[in-house]
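**Q** Can you read through this structure? Questions will come right after.
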């Protein structure tokens, strides 16, 4: 967010805020322990608003659930912004001092009247207005989101629309306020922190900044490395398609199952000249590989750090001996480097980390010793006397503002790419269940009394209209393919809305149905919105 | 709240019972049919969860309508009120009057407690057992029903759309059998009060308890007018100077309590009238509510005025259907005549002695298990719903009327220096004229028993249980004890709730003691270890002690009882555990099982 | 509570006052808002507790921590009573010792406490508790073990009714409320709605109830099975802290490993992310690592 990518608040703040908007997030099931903090907030009197097409278990805790149509988040956010502006509740002083782009933004949201928003989102205008006013009037309020915001073809715009609301009302940079993407995987944040994004080096430092580039190059003994931005995941697949990318080294990912439009993804991976997969399992992707490098499990068989959704860097430790032949990621990479003619030596995880601390100012104060002592430290932590940073952007409240001002961006509503038609009349959205994770590679290995197999969840009314019974196997088809899947009635779904998970790809390959329409900036596909048809078999 | 219900749908009758309290559901999300608006918006959260206090009224509605609370019914209630079913199950199983297994619509609750025992309840029960099988289904044994002046007593309950609940006392085998066979029952009437001077009880018998006009003709609402003239501080001053002490058992200075609530900065303030009179042998509050209900309502109005309470509750024990109806009628009439400017909600107990403990009572009103809270904090600071709360017993409140009208000095002229005013005593057991007696504080126990005509001819006194099960036994030699707070304290006894159960030489003391031990075992809420396990061990050891031949009890068992008693007294959360050994300890002295000084 | 206090210092840094109290004749300054138990711990006075846990709201039901406070008619629970200026506290008087002894005896005479920590055994001997003295034919909570799913075992013969599991399942952490206290008096017991088996209940298998159970009444099935088979051996176990491999919340795990195999997962109480609580994935989702070793 306006610079470094990370949630601005601490979990603890959710316990002491007045209002939380969970936007496109079923944290109750996908981030259960974050939800504990939120529940403490609720017990302390905080109100909860849930924005989600489904009335999830998180929605059941909410004071207000706004059941928007899939992919209408920007229409909702812009309409809320307009309500706030017209009610005179915009924080004019904050906007003037700490933000840019207000005029253009205000002009843009002017078109999003409550009537337009009700038409686009399905949510009654009065409810939109009330939530907008409540957010603006709350002394402290935070917005938290997950994949409901980011798994869209316009993911970045969605995020910007939420940021706009916080900037408009001054709900960022203060205790109990903030903008928090809840990370879906245990080290998504850490991956970003370490520069595993195309244009960044560790600590979100700009690869294309010559001074930065020079600093890293010098530290690495004058090593040569690109000055220009690389591909993100979706661009890689496009490059494979165009024949520009011929070899791929995948570490700990299962794109053959996790990519949208699975048929296409598998085809492209199979067509590579050289595919190396480093993983703890022989995944479906690994089965396609020319070389498989068995790895130790990062969280239980090796040493290192991860970063969580409140930017807390935490230690992972070796509790188990890895199986014979499986090696630590650091060892594999160093070995590989050696074979490629560059000797990294045999560093320990701590030595690698200390190098990172030297090069990344936001990590400098985080020695292993301090991480142990403090139970993790939230970045930025510039030196060893620094306690870490519970919330970001306090600088926006300094007068004059410390650092660059935060931009408001005019963003427009753009409905899902996969349009609903007579042929494909049902909106399929996807998500997670409490006891399972992603493609199920890890979670399907333990017995969960909660687990039921994959099913296509639809409203009982749709079932009746289609003449299918609860439990009956049907064919679900999208413009990309079709799968056979049992029906399950879910009375929390409204007619026209269907739900599936990605947890059981071997039983039902949900991603055969999903669309790979992708956000150009973040590279995320629109898993949340496919158009499907249901046929009896 | 994400509630999971898997028990199947409620029946139409169960739904009607719940909806009768809550109104029809307005959306899919609270258990109704899908409405188009439900597709895109739902409201819940704090607003839904704040309905928790409606749980007991809803459970009563189901129990009244169907005779038991099924899983489907409970889950429907839970969905409507946003209460997790496991929590609601914990609540429903806490209260003896709610059933979670299917039962016949008709139930007869037969009291086998102390006073009724003296009047042949055990024989009655064995006849019923003979005719209808063991207690538990169509008929059941009940702790004291508060009808000790007309023992033996029973309560008839018939579930259905027109639910019936009637006290029958005295009950005979013939009547009980007739009722259980589906027949009729005789109308039960209050006992005429003895013809002697009365203050607190002066309107009883003189007024029509269902008419506010009749109440006003007899001086009703003079006190409220006077209170308004005095102003809140003036009222509190009078109550304080009258040195009125609470009549519920703890004898706390009423004026000080009122002052604390009035000065509590947190808002709102609540007033709770504790009418959960469940101490075995006690029926004074029932008599006041049944026969002079407007006085209770007027006194609550004055108390609320003086202490700035915005909302009132009157928690009446579930076994008092007539009192409940009379109080509800009085509140309605007071409202209609403009004598009541705040809400008083009548709450109905559901068979739990512990709810007479003030903090347990709060939890019960809040829709929870009636488990007492640790004190401090005290109710005057953190009470009902966590707010400053004034809790007074019925008799305490009614005393306020005379204090306000006649002034503190006149009130304090009656009684003793430390125990002012009169006191109501509930005489029952082996006494000539059981009933409610009002005497000045300081009257001797001997004089009180004589007022009631003494023992029956040819009988000798064995003991008097003063203060109910939580009280203690007083011997023949102690009959000259003045009945005042300080007088009873001097002999290690207590006035308690004003129960005076007289036992002559025909009473089986062992059975009496065992009944008391069972009472505490049954009524312990189960929260704290000393009381939960202590009351069980006490009963077990007592059985051993009493089944030994006289004087033969093992000294180790006697020591055990003493040890248990001390731990219960010292370490229990609330008064129930702290007093659960009193009567038994003193009764063993009476039986010469334990030497007075040993 | 120390970690809460520390966190507060980081977050709000509100100044707190100290109050002076005396414990067993020793004067000390205690931060306002702390309990008598906190104060006792400040002096390293070993105070028995069963229903108390830093991360749960005090319910003060077991009464084993009672102390004598001058001016109080009855003993007071150290775990919940806040210190007040001038309080004179006695933790080892005859009355205190008597009640602590009786509480332990009453519990142990009705509940199987054989899996309680060694600390509990220590208290039993310190206070001379002889639970057998109530005799042989006494009421107990003995009942068959409940095994109705693959993850948990519930052996309520071991339940002292400390309410911790109810609090962890309820308002203090998980807010699922699959279990509550049902019944009354000695019949009070931990129960699902209408005593349905766990898979029919609202249970989401977070295992937080097991995490807080002090008596072994609630146990992971894996541990139960190993105990039955005689292979459970804590002396051969290591405990390593690491971070859960699933979502991005970053829950700290304690992996209990025996013979290079994870046998139990817990979380540190003093962790600011978890406060000792986990979800079903963090608690049970570790099997995939082991599965690799078998292959």
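Nothing in this text is a laboratory measurement; each read-out follows from the coordinates by a stated rule. Treat the numbers as computed from the prediction; the structure is a model and nothing was measured. All Cβ positions, glycine included, derive from the backbone under ideal geometry; neighbour counts span all protein chains shown.
**Q** To the nearest whole number, what is the average tally of beta carbon atoms from other chains within 10 Å of the beta carbons of peptide A:286-298?
**A** Mean partner shielding for this stretch: 1.
**Q** Quick check: convex hull of the Cα atoms in region A:11-181, volume per residue, rounded to a whole Å³?
**A** In region A:11-181, the Cα convex hull volume per residue is 99 Å³.
**Q** What order, most packed first, do the peptides C:245-255, B:529-539, B:445-455 have when packing is the mean number of other Cβ atoms within 10 Å of each residue? Don't skip to the end; give the middle numbers.
**A** Values: C:245-255: 25.7, B:529-539: 28.2, B:445-455: 17.9.
With the highest mean Cβ count within 10 Å placed first, the list reads B:529-539, C:245-255, B:445-455.
**Q** Contact order normalised by length for chain B, with contacts defined as Cα pairs under 8 Å and 6 or more residues apart; what percent is it?
**A** In percent, rounded to a whole number, it is 12.
**Q** When 1/r is averaged over all different Cα pairs and the result inverted, which Kirkwood radius in Å belongs to chain A?
**A** 24.6
**Q** Could I ask something else about it? For chain C, what is the mean residue ellipticity at 222 nm derived from helices alone (per DSSP H run of n ≥ 4: -39500 (n - 2.57); sum divided by total residues; nearest 500 deg cm²/dmol)?
**A** Using -39500 (n - 2.57) per qualifying helix, the result is -7000 deg cm²/dmol.
**Q** Using the alpha-carbon centroid of each, what span in Å lies between region B:55-77 and region A:159-195?
**A** Between the Cα centres of region B:55-77 and region A:159-195 lies a distance of 46 Å.
**Q** Can you put A:112, A:368, C:156 in order of Cβ neighbours within 10 angstrom, beginning with the fewest?
**A** In increasing order of surrounding Cβ atoms, one gets A:368, C:156, A:112.
**Q** Ok, one more. To the nearest whole number, what is the average tally of beta carbon atoms from other chains within 10 Å of the beta carbons of peptide C:97-103?
**A** If you average over the peptide's residues, the count of other-chain Cβ atoms is 6.
**Q** At 7 Å along Cα-to-Cβ for each site, give me the label-to-label distance between residue A:479 and residue A:507 in nm.
**A** 3.0
**Q** Another one. Counting only helical runs of four or more DSSP H residues, what would the 222 nm mean residue ellipticity of chain A come to if each run contributes -39,500 (n - 2.57) and the total is spread over all its residues?
**A** Result for chain A: -8500 deg cm²/dmol, rounded to the nearest 500.
**Q** Taking only Cα atoms of the protein assembly as shown, what ratio of Rg to Rh do you get with Rh as the Kirkwood inverse-distance radius?
**A** Dividing the radius of gyration by the Kirkwood radius yields 1.01.
**Q** Related question: Please give the residues of region B:219-238, grouped as numeric ranges, whose backbone N is less than 19 Å from a label point set 7 Å along the Cα-to-Cβ vector of residue B:199.
**A** B:219-224, B:226-227, B:235-238
**Q** Using the number of other C-beta atoms within 10 angstrom as an exposure proxy, rank C:94, B:238 with the fewest first.
**A** Ascending number of Cβ neighbours within 10 Å: C:94, B:238.
**Q** Given a Förster distance of 45 Å, report the FRET efficiency between residue B:343 and residue B:375 from their Cβ-Cβ distance, rounded to the nearest 0.05.
**A** The value I calculate is 0.95.
**Q** Here is a further query. So for region A:426-536, averaging the separation of alpha carbon pairs under 8 Å that are six or more residues apart and normalising by length, what relative contact order in percent results?
**A** Numbers: 227 pairs, mean separation 42.1, N = 111.
Computed over region A:426-536, the figure is 38 percent.
**Q** On to the next question. In a solvent-free Debye calculation with one equal scatterer on each Cα, what is log10 I(q)/I(0) for chain C at q = 0.07, 0.09, 0.10, 0.11 Å⁻¹, listed in the order of the q values?
**A** So the normalised log intensities work out to -0.31, -0.51, -0.63, -0.76.
**Q** Something else now. Per DSSP helix of 4 or more residues, -39500 (n - 2.57); summed, then divided by the residues of chain B. What does that give at 222 nm, rounded to the nearest 500?
**A** On the way: 24 runs with 250 residues, N = 598.
So the calculated ellipticity at 222 nm is -12500 deg cm²/dmol.
**Q** Which of A:357, B:52, C:63 has the fewest other C-beta atoms within 10 Å, and how do the rest follow up to the most?
**A** Fewest-to-most ranking of A:357, B:52, C:63: B:52, A:357, C:63.
**Q** Take every residue in peptide A:201-207, count the Cβ atoms of other chains within 10 Å of its Cβ, and give the average of those counts.
**A** Details: counts 0, 0, 0, 0, 0, 0, 0.
Average per residue, whole number: 0.
**Q** If you don't mind, there's one more thing I want to ask. At a Förster distance of 41 Å, what's the computed FRET efficiency of residue A:251 paired with residue A:412, Cβ-Cβ distance as r, to 0.05?
**A** The pair residue A:251/residue A:412 has a calculated efficiency of 0.65.
**Q** Could you work out how far apart the two model spin labels at residue A:218 and residue B:252 are, taking each label as a point 7 Å from the Cα in the direction of the beta carbon, and quote it in nm?
**A** Roughly 7.4 nm, to one decimal.
**Q** Let me ask something else. With each label point set 7 Å from Cα along the Cα-Cβ vector, what nm distance links residue C:93 and residue C:227?
**A** Here the modelled spin labels are 3.8 nm apart.
**Q** Averaging sequence separations of C-alpha pairs under 8 Å and six or more residues apart, then dividing by the length of region A:11-181, give the relative contact order as a whole percent.
**A** Reported as a whole number, the value is 29 percent.
**Q** What FRET efficiency comes out for residue B:51 versus residue C:143 if R0 is 35 angstrom and r is the Cβ-Cβ distance? Round to the nearest 0.05.
**A** Taking R0 as 35 Å, the efficiency between residue B:51 and residue C:143 is 0.50.
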